[in-house]
Amino acid sequence: MKLYALPAFIFVLCSCATTPSDDPDSLNFQIPAGSTLSLNKPLTISEGKTHVYIQASQQSTENKVNRYDINCRLGFREFGPRTIEPEVFRITRSEDGQEWYSYPNIRRFDTIVYLESDKDTDVIKLDCEYWGGRVDRNFTVAEMQQSLGELMTLTFPKRENAEQKQ
């Protein structure tokens, strides 16, 4: 490769990088540090289970979840039966991913949100997913919130505008 072509090559590579977004409707939005997840209504963990499923604003079970629509699994360390009361959890980090569930037809798209509790609730994480095909994409945080509905609410810290600081 000629040296004069190197800057053009670097420019092309850099232009492919995604730009972060402040809009939860954007695929480039990452849940920021300082965000919280509020459990707004009590959830019941069944006997012998360490998790509950949420889909379409309702608590569900593993057998009733439609894997082709966004569904979320809230995980805990200890087994049920028990009830988890409303609480606000701190989000420590989140990850987006995708993997083949059944190549080449079914791909699993997911967002994992790691949680902590100030009330010593043994919460671990919220894992939201859906199954799609080759042409599908991961979901946005806004779409994830729509599936959680009124049961759980994501709250993001206010970002100060740089102009307001001056």
Notebook entry, point to check: Hey, got a sec? Which GluC sites (Glu not before Pro) in the stretch 17-83 land in a DSSP loop and have at most 14 other Cβ atoms within 10 Å?
Noted result: Glu62, Glu78
Checklist line | Label point 7 Å beyond Cα of Thr36 along Cβ direction - residues of the stretch 83-125 with amide nitrogen under 15 Å | finding: 86-92, 115-121
Next item on the list: DSSP loop (so not H, G, I, E, B), at most 16 other Cβ within 10 Å: list which trypsin sites (Lys or Arg not before Pro) in the stretch 28-113 pass both filters.
Entry: Lys64, Arg67, Arg77
Next item on the list: Kindly write out, for the stretch 134-143 in residue order, the coupling ³J(HN,Hα) from the Karplus curve 6.51 cos²θ - 1.76 cosθ + 1.60 (θ = phi - 60°), rounded to whole Hz, with x marking Gly and Pro.
Entry: 4, 8, 7, 9, 5, 9, 8, 5, 5, 5
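How would you rank Val141, Val88, going from fewest to most other Cβ atoms within 10 Å of each one's own Cβ?
If I rank by nearby Cβ atoms, fewest first, I get Val88, Val141.
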Check: How many nm is it between the label spots at Asp122 and Ser60, if each spot is 7 Å from the Cα in line with the beta carbon?
Finding: 2.6
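In which sequence would Asp69, Asp118, Asp110 go, from the one with the fewest C-beta neighbours within 10 Å to the one with the most?
Asp118, Asp69, Asp110
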Notebook entry, point to check: Cross-link partners among lysines for Lys158, C-alpha distance below 26 Å, same-chain residues fewer than 8 apart left out?
Noted result: Lys41, Lys119, Lys125
Item checked: Contact order normalised by residue count of the stretch 44-154, Cα under 8 Å, 6+ apart, percent -> 30
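Any read-out appearing in this document is the output of simple, stated calculations on the displayed coordinates, not a laboratory observation. These figures come from a predicted structure and were not determined experimentally. All Cβ positions, even for glycine, are placed from backbone atoms using ideal geometry, and neighbour counts span all protein chains on display.
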